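Before any comments, here is the structure.
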Amino acid sequence: MENLNVAVVGATGLVGRKILEILEERNFPIKNLRAFASEKSAGKKLDFKNEKITVEKLDENSFSDGDIDIAIFSAGGSVSEKYIPIAIENKVKCVDNSSFFRMDKNTPLVVPEINKNEINKDTMLIANPNCSTIQSVLAIKPIFDNFSIKRIVYNTYQAVSGGGEKALEDLYNKTNKKWKYKIYNNVLPQIDDFTENGYTKEELKMINETRKILGDENLKITATTARVPVENSHAISINIELDRDFDLDEIKNLIKNQEGVVLMDDIEKEIYPLPTKATGHDEVYVGRIRRDYSLDYGINLWCVADNIRKGAATNAVENAEILLEV
């Protein structure tokens, strides 16, 4: 694979630094690496492959000199909105971690283990899904492929790292500079802003992104997303209603054989997915798989994944790798 000139936008943030780490871990074919961030971070030094990379200020001319082949954005929706069109105009292929392009009908929203076939040689932009969506659809996909799903209910228990550095400082220092209420010793049933229908933007992201990735715009989904005082790795309770009966062992085997998923389900030994187990790994861990006896054909399951790795950085780098292959 040809070595390319790569840029990371938002390189000094929590996810941006993790992207650099994943690029190094996966030996991404890099000829030259550039790191971009806001003016206040310009001049900082970042470690990459035993070298120091100097952070550059992102501006309208950052992509104009023709020496960037691919850019991974992780600097928020407003930055992506402004600078990705500029990058594409300069023939730079992009992977975007923000939510800005996710529901754009012309932009593929990709979890590589599920729908990488939506990427082709003409693709200039891939949207990275929401962290909670990524782990959820990986757990649901094998069931979706083998059964007709009538309804999905998400309840999330999302780690503080999903809110960035300031949120983690609030957890450690028992302050509330990031959110209205302290997260320490608390649970916040609000992630992102509320919308007119009473759902938060995070809840609507999970609903709409799941439909787009699975390719079923009529799929009935509801979600409640909450922030819990856990440092890293999101946990999600997923309830699925099917249209016919099923064998529980078959469901477990389908999940076990899903690429990117690890079945961790032995209640006799009290083995089930935990944030402490998932942190530092790229797999999605699924367990507590059982019938929902309040429904004719219902399933409950519990899935946990590292929201900074697979939920953001690793999925983005995997998408960048696919851009190189097509």
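Between Lys40 and Leu324, the simple spin-label model (points 7 angstrom out along Cα→Cβ) gives 3.4 nm. With one equal scatterer per alpha carbon and no solvent term, the Debye-computed log10 I(q)/I(0) for the stretch 132-305 at 0.08 1/Å reads -0.25.
On the principal axes of its alpha carbon atoms, the stretch 176-223 extends 39, 21, 14 Å, with the longest extent given first. Among the protein heavy atoms, those of Tyr272 account for about 90 Å² of accessible surface (1.4 Å probe, every chain in place). Only Lys, Arg, Asp and Glu carry charge here, each on its Cβ (+1 for the first two, -1 for the last two); on that basis the stretch 39-194 has a dipole of about 720 debye about its Cα centre.
Rule-of-thumb check for the stretch 229-326: C-alpha Rg over 2.2 N^0.38 Å?
Details: Rg = 15.3 Å, N = 98, 2.2 N^0.38 = 12.6 Å.
Against the empirical 2.2 N^0.38 Å value, I get 1.22 for the stretch 229-326.
For the chain, the fraction of C-alpha pairs farther apart than 36 angstrom is 18 percent. Using 0.36 nm per residue and subtracting the Cα-Cα separation, the extra length available between Asp59 and Ser237 on full extension is 59.9 nm. Pairwise alpha-carbon distances in the stretch 10-73 exceed 19 Å for 26% of all pairs.
Given a cut-off of 23 Å, name the pairs among Lys31/Lys116; Lys45/Lys82; Lys18/Lys212; Lys82/Lys180; Lys178/Lys201; Lys212/Lys310 whose C-alpha atoms lie farther apart than that in the structure shown.
Values: Lys31/Lys116 25 Å; Lys45/Lys82 25 Å; Lys18/Lys212 26 Å; Lys82/Lys180 29 Å; Lys178/Lys201 17 Å; Lys212/Lys310 19 Å.
Over 23 Å apart, Cα to Cα: Lys31/Lys116; Lys45/Lys82; Lys18/Lys212; Lys82/Lys180.
By a 1.4 Å probe calculation restricted to protein chains, Phe246 has an accessible surface near 10 Å², given to the nearest 10.
Ordering Met206, Met103, Met124 from largest to smallest accessible area (1.4 angstrom probe), what's the sequence? Mind dumping the intermediate values first?
On the way: Met206 0, Met103 95, Met124 55 Å².
Ranking Met206, Met103, Met124 by accessible area, largest first, yields Met103, Met124, Met206.
For the residues Ser41, Ser161, Ser74, a GNM of the chain with alpha-carbon springs under 10 Å puts the largest fluctuation on Ser41.
Just the C-alpha atoms of the stretch 1-115: what Rg/Rh do they give, with Rh taken as the Kirkwood radius?
Numbers: Rg = 13.6 Å, Rh = 14.5 Å.
When Rh is taken as the Kirkwood radius, the ratio is 0.94.
Straight Cα distances below 18 angstrom link Lys252 to the lysines Lys141, Lys269, with same-chain residues fewer than 8 positions distant left out.
The values are calculated or read from the model by the stated rules, or taken from the named source; none is laboratory data. Values in this document were obtained by computation on a predicted structure and should not be read as measured data. FYI the Cβ positions are ideal-geometry reconstructions off the backbone, even for glycines, and counts take in every protein chain you see. Calculation scope for accessible area: heavy atoms of the full protein, side chains included, ligands and nucleic acids excluded. Shrake-Rupley method; radii C 1.70, N 1.55, O 1.52, S 1.80 Å.
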